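Only the coordinates and a few stated rules stand behind these numbers; no lab work does. These numbers come from a predicted model, not from an experiment. Backbone-built Cβ (ideal geometry, glycine too); neighbour counts: all protein chains shown.
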Amino acid sequence: MKIVVIGGSGLIGTKLVNQLRSANTEVVAASLASGVDIITGEGLPGAMAGAQVVVDVANSPTFEARAALEFFETAGRNLLTAEKSAGVQHHLALSIVGLERLPEVGYFRAKIAQESLIKVSGIPYTILRSTEFFEFISTIVESAFDGNAIRLSPALFQPIASDDVAATLADLVLGPALNSTVEVAGPEAGRDKRQVITDADATYFGAEIDDRSLTPSGKHRIGSIHFADWLSRSLLRRKPPSSPSPSAATRADQPNNQQKEESR
């Protein structure tokens with residue numbers, strides 16, 4: 001079986017490619033770095049040749065509403081056209097839990113447009129909607145800064161480890177197309193038990209949310225990695241050596257820019 005992973009050098013794409021290669025499948029990690037551009041279409045025919053499954057985990061390089069919509073519509077049309085020509089039998093796409101519940105978020109509207117293109121393409125498909133990744137929680141916190149204060153909504157949150165998302169995608173890749181949407185979330189949905197001063201009027205990237213906005217709507221798959229365990233391992237990986245050189249210490253303090261998904 002030949003599997004093409006679009007966005008194969010990003011956070012999820014890299015993990016998924018590694019998992020699939022360990023399962024003795026032929027995997028193509030398609031990205032700009034490998035000469036595949038889903039916006040211009042360059043490299044797509046060659047990457048798709050002989051493929052049975054295409055997994056799209058590419059992301060827009062911006063959350064701005066109009067630009068994100070243009071990205072997902074253009075990329076979606078190019079991908080699906082190339083897949084039809086190659087006779088692809090299963091299109092698997094990564095999306096987000098709760099899109100319809102936050103229509104005021106332009107990026108979410110763009111993801112809905114992407115899903116719509118997939119559903120009417122005629123290609124057998126599966127859409128995996130995931131809750132927010134552990135890796136992006138810091139981004140959410142940073143977006144909540146208001147001067148010297150951080151304003152966060154008290155709404156329930158059920159984030160998931162990117163490893164669990166990749167594992168769920170790998171499981172779906174090796175199965176038949178479902179022609180439906182599957183949801184996955186982390187093992188815990190709740191609030192921090194420590195005292196947190198919240199603001200019910202605080203927004204999530206401009207949208208007001210409640211307990212159902214960012215959590216699955218019904219039956220869903222559940223990841224196995226708990227946030228506390230993930231955080232402990234992450235801190236250990238980031239811990240600098242006991243006697244680092246000045247340059248090593250500087251590197252250890254820098255943010256990990258590989259967190260962002262491959263944009264094209």
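The table below lists the values:
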{"quantity": "Relative compactness, the stretch 93-234, computed as alpha-carbon Rg over 2.2 N^0.38 Å", "calculated": "1.10"}
{"quantity": "Fully extended contour minus Cα-Cα distance, from residue 149 to residue 39, at 0.36 nm per residue", "calculated": "35.6 nm"}
{"quantity": "Inter-site label distance for residue 142 and residue 228 at 7 Å from Cα along Cβ, in nm", "calculated": "2.8 nm"}
{"quantity": "By average C-beta atoms within 10 angstrom, highest first, the peptides 211-223, 129-141", "calculated": "129-141, 211-223"}
{"quantity": "Pairwise FRET efficiency - residue 174 versus residue 119, Cβ, R0 = 22 Å, nearest 0.05", "calculated": "0.50"}
{"quantity": "Two-site label geometry, residue 25 and residue 220: point separation in nm, points 7 Å out along Cα→Cβ", "calculated": "2.3 nm"}
